[in-house]
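Participant: This structure is in structure tokens; I'll ask about it shortly.
Every number here is computed from the coordinates shown, using simple stated rules; none is lab data. Just so it is clear, the structure is predicted and the values come from calculations on it, not from any experiment. Because the Cβ atoms are built from the backbone with ideal geometry, glycine has one as well, and the counts that use them run over all protein chains shown.
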Amino acid sequence: MWGKAFGKAPSDAMTDAVEARAQLVNQASPMYSGVQTKTDYRGFTPSFTGWLWWLGKGSLAVLDQALFAGANFIVNILLARWLVPADYGAFALAFSVVLLLGSFHTATLTEPMLVFGPGKYRNEFHAYLRLLLYGHFALMSASALLLGVAGELIAVFKSSAVGHTLIGAAIASPLLLLLWLVRRACYVKLHPGWSAMGGCLYLVILVPAMLRVHGKQFFTPAVPLVIMGVAALVVSGFLLVLLRPRWTSVPGGLGFAMVAAEHWHYSRWSLAAVVINCPTNIYFIILPAWLGLSGVGALRAILNVSAPASQTIAAFSLILLPALVVECQRAGVGGMNRTMKLYVTLLSIGALAYLGVLWVGRFLVLGFLYSGKYSEYASFPLLMACLLPFANVASTTISNGLRALERPDCICWCYVASTIVAVFVGIPLAVKFGVGGAVTGILFSNASASLGMIFLYRKLTHIGGVPELDRAAELTEQG
């Protein structure tokens, strides 16, 4: 199946053809014009050393994601244990709004950075990062203000708990998303170890602070969000010291208007995809009307159980996109396909092992995590949640391949199909069957997006949507 999805890869090239490939691609494709052929991405050479490079960088990426996601996972588990279901539902709702803002932020700033950073702006990355930071503060200042006003209105006219928690999200969101940006910048430089050090610092700050404030009179669902924001600010400062953005402009250097135009040209389709598709977060925002805040809290609690597998997939994804950009320059689509097949194989095996272990010990796991809460969801809802990582493996791999080819428009159209499934299948399932129906709807939405991406990627690469890359690779192999 995966071989068909990725197409037939050309034969492996010799290591000494790497620079010639890059030169040919630069000449043939305006997509990568201006990229230097000299590169420090030694891990992409077809050798034993290259595989060790992948293993080392991938392990650091998993460690990084484990630290950050582990800290947030611990906070979610603690809050699920400490708070009544309605208060935990308010936290889950507010955090979902932060994640929704993060989707727009990623589409506008982070995703283009992962494509342009190791490509056309590689030699000017420190100046490029400065401009991205300016863009972050401009974008998030306006977003936080609007979210804070909305929270105040909700607190006055609807629900005090939800409104005040949204105000906490308004305070935390610029700081949390700043951390998202600078963490990804470490991956552009292929230094996941830097981000892992930041993850360790984040864990050390966040969890003890949460334990310290628990039980205090002022402890509300908004307080954990503010603490997360403060921890993110400290870690962001640490990572920026390592990344060393160039804070002063130089004559003839990168201009904000030029970078903004490049980002808009790329991200307009990504932004459309965010607007069209939010099949997970939409449940947390819409379903309180039918399930109540306690039902939303239960949905978050069940999805937490599959989070470690999903976060591992996300960790490899952080290094996969820059790798595919460089591989596309070096070896064309065939080189990308080989990398993507390896990614899918390894993570599918891991997801299967996780599913087996979790399903056998599901009652023990839920009892340990939630002190007896949510055990009624240990059958069908939990099974659907455990299948989500398989859909994530497929969608993450193919979507990164499309992004490396600078075809976010294809991803957008797949999210159209995913949203149609979410609205006309997922939401009705959730209304009729509760938490189990909501998880099933999320799975169906993700699976439909994955199938659409596989179809479009095959069509794009087989018909010749990127002929200049394949032609460059073939000429190099023949030479």
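Participant: Based on the alpha carbons, how large is the Rg to Rh ratio for the stretch 140-217 when Rh follows Kirkwood?
Facilitator: 1.11
Participant: Grab the beta carbon distance between Cys200 and Ser379, set R0 = 51 Å, and tell me the FRET efficiency rounded to 0.05.
Facilitator: Efficiency computed from Cβ-Cβ geometry: 0.85.
Participant: Sticking with this structure for a sec: Determine the gain in length on full extension of the stretch His214-Phe424; use 0.36 nm per residue of separation and subtract their C-alpha separation, reporting nm with one decimal.
Facilitator: 71.5 nm
Participant: Over all distinct Cα pairs, what is the inverse of the mean 1/r for the stretch 67-267, reported as the Kirkwood hydrodynamic radius in Å?
Facilitator: Over the stretch 67-267, the inverse of the mean reciprocal pair distance is 17.8 Å.
Participant: Also, quick follow-up: Please compare each pair in Lys341/Lys432; Lys341/Lys373; Lys158/Lys432; Lys432/Lys459; Lys120/Lys459; Lys216/Lys432 to a cut-off of 28 Å on the Cα-Cα distance and tell me which ones are over it.
Facilitator: Lys341/Lys432; Lys341/Lys373; Lys432/Lys459; Lys216/Lys432
Participant: Here is a follow-up. Can you sort Phe238, Phe368 by how many other beta carbons sit within 10 Å, fewest first?
Facilitator: Ascending Cβ contact count within 10 Å gives the list Phe368, Phe238.
Participant: State to the nearest 20 debye the size of the charge dipole of the stretch 67-267 about its Cα centre, where the only charges are +1 on K and R beta carbons and -1 on D and E beta carbons.
Facilitator: In debye, rounded to 20, the stretch 67-267 gives about 400.
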